[in-house]
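The structure under discussion appears below in the form of structure tokens.
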């Protein structure tokens, strides 16, 4: 569904990603792991067209995303929850979700689904986003992206700095999206989350692809390899 | 209709009703002032759509106000058109200039956007002076009372002028209210809050920003054309940088990103200068001090503070 072919990207002259290729499949969670500076967030930005590619291309269902301006990428079914949430703080929860749902006319059905996944948001609909707790903000950021009913959902460290109950809710939502048939690309640093959720793990190091693990490999002999790519 | 929306409608309808009733109770001096304030507040409402809701700080809005002012004024003085078509020409002039300026200025952002809009406005101001044979340059020109007639009604008569200014203000505030409550308005706020995220939700940010510039320019031009017809004077001072700064001040004082803020800010500034100039010739010193105090204690402007402290539902 989502395919990166020898993608190289960076910031200005500073190259971060160097020929990275992988494929995320529908109904699966792909965990992107690597130490700080490995190029995880840069990969997400490159997929969304927020960084120009130096080499390679990104495809979604055969369409070349890297040829499109960033605002056209979501139209092809790619939702993105960046690190740090980046909500529309002055808008209420309901308005934030409406902005997400209105884009492609997804409307109330998508909104109802999000509120079912995150019942906490239902109690906060009239509250301004910048007054929510960190966990609730993350739920809203994720819910807003889910309003697009994405075929591919990119989540950049969604559980970073959250308390355990919130972490569970976010993971459960990622699992829900997988069950809905979406390809979920999850940047994650916690081993327990990776082992619980991942169908596939892609390991990055200094912008290079250092290997991929399937779920069965993850549960057996290559766990040490994975652990070497976690942490700061 | 949600409870918050009901409260908003009641509040705004109440303010409009109060302005309507004021025309029957105000003494002649304040009657004239309020008519002028409502036209200028309409200009500020147009400015607020761009600055308060979209987060684009323009320093060239005098160009749009002047487009309406001169569009209507020259249509009457040079082509002998009546007030109705002149008003339409003024608004169309503002919209067209808004689209052109927006299309070019939006290629920049932040400080560069401010500078580019300022330069366009200065170019407009100098153009008015350059074509002095038609515009009468700095001196400006007067539209005769006999020409300021709309649907057979003399717009210069105090009661009519007040009512016309009131109608213009109602049109501006209704446009603003509907715009900010619509999908379009929500997206503008989303762009103001986080442009990149809005794009990541699939919105063509450039198109929405251009839409905001055009709508803002259209409302500013409507106010400019209204000013020409109601007060009968068309002058280059309205195209100067001062008239680009004024709406920014009115909106900041009243509350950027609030529907009522521009009215509150315009009333406040108008009477602050009016009253302080009656006390001393150094009235700008008093005005400046009051502005500093207000900015320190109400950094979000009057209505912004009201929203923060009391009425979170205020649009």
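Which of the three applies to chain B, rounded, prolate or oblate, going by the alpha-carbon gyration tensor with a ≥ b ≥ c and a/c under 1.5 meaning rounded?
Rounded, because the longest to shortest axis ratio a/c is under 1.5.
Please report the equivalent ellipsoid semi-axes of chain A, computed as sqrt(5 x eigenvalue) of the Cα gyration tensor, largest first, in whole Å.
27, 21, 16
Any chance you could run the full-extension gain for residue A:179 through residue A:210? It's 0.36 nm times the residue separation minus the Cα-Cα distance, nm to one decimal.
8.3 nm
In the protein assembly as shown, what % of DSSP beta bridges are antiparallel (nearest 5)?
60 percent
Based only on other Cβ atoms within 10 Å, what is the fewest-to-most ordering of B:176, A:60, B:170?
Least crowded to most crowded, the residues run B:170, A:60, B:176.
Please report, for the Cα atoms of the protein assembly as shown, the Rg to one decimal and the Dmax as a whole number; what are they, in angstrom?
Spelled out, the Cα radius of gyration and Dmax of the protein assembly as shown are 27.8, 94 Å.
Can you pull the one-decimal nm distance between simple spin-label points at residue A:63 and residue B:154, each 7 Å off the Cα toward Cβ?
About 6.4 nm separates the two model spin labels.
Given the options A:14, A:75, A:196, state which has the largest fluctuation in a GNM of chain A using a 10 Å cut-off (strictly under) for Cα springs.
Top of the fluctuation ranking is A:14.
Which number do you get for Rg(Cα) / (2.2 N^0.38 Å) in region B:162-315?
1.17
Give the relative contact order (percent, whole number) for chain B; include only Cα pairs under 8 Å separated by 6+ residues.
31 percent
If you take the beta carbon distance between residue A:163 and residue B:7 as r and set R0 to 45 Å, what does 1/(1 + (r/R0)^6) give as a FRET efficiency, to the nearest 0.05?
Given R0 = 45 Å and the Cβ-Cβ separation, E is 0.80.
Using the beta-carbon distance between residue B:57 and residue B:196 and R0 = 22 Å, what value does 1/(1 + (r/R0)^6) give for FRET efficiency, to the nearest 0.05?
Calculated transfer efficiency: 0.75.
Pick out which of B:278, B:255, B:211 has the largest mean-square fluctuation in a Gaussian network model of chain B, springs linking Cα atoms closer than 10 Å.
With Cα springs under 10 Å in chain B, the top fluctuation among B:278, B:255, B:211 is at B:278.
Just the projected area, averaged over all directions, of the convex hull on the alpha carbon atoms of region B:50-118: how many nm²?
4.8 nm²
How shielded is B:183-196 by partner chains, expressed as the average number of their Cβ atoms within 10 Å of its Cβ atoms?
Taking all residues of B:183-196 together, the mean is 4.
Using the Cα atoms of region B:39-176, I'd like the radius of gyration and the largest Cα-Cα distance, Dmax, both in angstrom.
Answer for region B:39-176, Rg first and Dmax second: 16.0, 47 Å.
Compute the convex hull volume of the Cα atoms of region A:138-177, divide it by the residue count, and report the result per residue in Å³ as a whole number.
58 Å³
State, to one decimal in nm, how far the label point of residue B:78 lies from the label point of residue B:130, with both points 7 Å from Cα in the Cβ direction.
Taking the two extended label points, one gets 1.3 nm.
Tell me the Kirkwood hydrodynamic radius of region B:1-62 in angstroms, computed as one over the mean inverse distance between distinct C-alpha pairs.
Answer for region B:1-62: a Kirkwood hydrodynamic radius of 13.9 Å.
Remind me, relative contact order of region A:148-191 in percent, using alpha carbon pairs under 8 angstrom and six or more residues apart?
Relative contact order comes out at 59 percent.
Report Rg(Cα)/(2.2 N^0.38 Å) for region B:238-315, keeping two decimals.
Here the answer is 1.14, to two decimals.
Nearest 5 is fine: what % of DSSP beta bridges in chain A come out antiparallel, could you say?
The antiparallel fraction comes to roughly 55 percent.
Taking the beta-carbon count within 10 Å as an exposure proxy, list B:305, A:188 from fewest neighbours to most.
By the 10 Å Cβ count, ascending: B:305, A:188.
Go ahead and set up a Gaussian network model of chain B, Cα springs under 10 Å, then flag whichever of B:155, B:178, B:129 fluctuates most.
B:178
Based on other C-beta atoms within 10 Å, arrange B:163, B:268 from fewest to most.
By the 10 Å Cβ count, ascending, the order reads B:163, B:268.
List the residues of region B:288-304 whose backbone N lies under 12 Å from a point placed 7 Å from the Cα of residue B:249 along the Cα-to-Cβ direction.
B:288-292
For region B:115-194, what is the relative contact order in percent, using Cα pairs closer than 8 Å and at least 6 residues apart in sequence?
9 percent
Read-outs: derived from the displayed coordinates by stated rules, not from any lab. Just so you know, these numbers come straight off a predicted model, no measurement behind them. Glycine also receives a Cβ, built like all others from the backbone with ideal geometry; neighbour counts cover every protein chain displayed.
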